[in-house]
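Here it is: the structure, laid out below.
What follows draws every value from the coordinates through simple rules; no lab data is involved. Predicted, not measured: the structure shown is a model, and the values here were computed from it. Positions of Cβ are generated from backbone atoms using ideal geometry, with glycine treated the same way; all protein chains shown enter the neighbour counts.
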Amino acid sequence: MPEEPIERLRAICLALPEATEKQAWGDPTFRVRDKIFAMEKRGDGRISLWCKAPPGSQEILVGADPELFFVPPYVGSKGWIGVRLDRDPDWEEVAEVVKRSYRLIAPKRLAATVE
């Protein structure tokens, strides 16, 4: 049986330096020094990851693959992206998106330790 998306996401997120998991708004959030860098969301009928993206990335990713990427509510206006986890995503790509978000959120010294 395939691994549950949250378990794969949890493994990716918690492998990052000083990453922790904390429930918020009924969903797991992943944090570094209490700042959220990734959230797993299910409330809108889809299983997805929300995370911070560099300026301009949201438009590029959503434009390139709107079946996989979307602009999430609440945080989308701040440049965050949504990634569908219920559509058999490329988990290496998901890991890269999570690492990029982590590097944007983490303190510089910690961020520099993540390739």
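Please give the charge dipole size of segment 5-111, origin at the Cα centre, charges +1 on K and R Cβ atoms and -1 on D and E Cβ atoms. Round to the nearest 20 debye.
For segment 5-111, the charge dipole is close to 600 debye.
Related question: Taking the Cβ of V75 as the centre, find all other residues whose Cβ is under 11 Å away and add up their charges (Lys, Arg: +1; Asp, Glu: -1).
Working: positive: K41, K52, K78; negative: none.
The answer is +3.
Under the definition of Cα pairs under 8 Å and six or more residues apart, what whole-number percent is the relative contact order of the chain?
This gives 24 percent for the chain.
Net charge around P107, counting only other residues with Cβ within less than 10 Å of its Cβ (Lys, Arg = +1; Asp, Glu = -1)?
+3
Mean residue ellipticity at 222 nm from the helices of the chain, using -39,500 (n - 2.57) per DSSP H segment of n ≥ 4 over the full residue count, to the nearest 500 deg cm²/dmol?
Taken over the chain, the calculation gives -9000 deg cm²/dmol.
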